[in-house]
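Asks: Here it is: the structure, laid out below.
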Amino acid sequence: MRLTHWTDYSLRVLMFCAVHVRREQPVTITEIAEAHGISRSHLTKIVVALSDQGWLETTRGRGGGLRLLRPAAEIRLGDVVRQSETDFTLVECFDAESNTCRIDGRCHLKGVLHTALASYLAVLDGVTLADLVEPQQVRSGKGQRVLMTIGLPS
């Protein structure tokens, strides 16, 4: 399964906002566009959708910008992906209206792919936005704790 650019960019916007959550000035679309090399007009559409879905607070005008509406630790990736992806029809037989498969009902592929998709989304449900942007403590092979961070622009 491959995420659409829309979902990829949605996650980038949310992550950028999470990284800068403690900053006094809100994040701007221009900042995100420049940081990721994405069209500002395309990001504007994504930001409007994220705002409509309840992920972002947007403020217009001077001093305006974007802020997360909820703490990053409360935003699950599975929820964001479900809202931003438009098609989870992995194969034709997932859609009863357009299914013309001649072996539907005797084939086990649909069941296997349903299970795989459910597992994929379950993994995403177990990850929050905070998990992606905040330092994580992991144990090294010797039982020592090591802080790991991802390289996002600050």
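Derivation of every value follows stated rules applied to the coordinates shown; laboratory data play no part. Bear in mind the structure is a predicted one, so any value in this text is a computation, not a measurement. A quick note on method: Cβ atoms are made from the backbone with ideal geometry, for glycine too, and the neighbour counts reach across all protein chains shown.
Asks: Report the far tail of the P(r) of region 1-123, meaning the percent of Cα-Cα pairs longer than 18 Å. Show your work: numbers first, answer last.
Replies: On the way: 4411 of 7503 pairs.
Across region 1-123, Cα pairs with separations above 18 Å total 59 percent.
Asks: Another question, then. Give the dimensionless ratio obtained when the Cα radius of gyration of region 1-49 is divided by 2.2 N^0.38 Å.
Replies: Working: Rg = 10.8 Å, N = 49, 2.2 N^0.38 = 9.7 Å.
Here the answer is 1.12, to two decimals.
Asks: Given a Förster radius of 22 Å and the C-beta distance between S119 and E74 as r, what FRET efficiency does 1/(1 + (r/R0)^6) yield to the nearest 0.05?
Replies: On the way: r = 23 Å, r/R0 = 1.04.
Working from the Cβ atoms, E equals 0.45.
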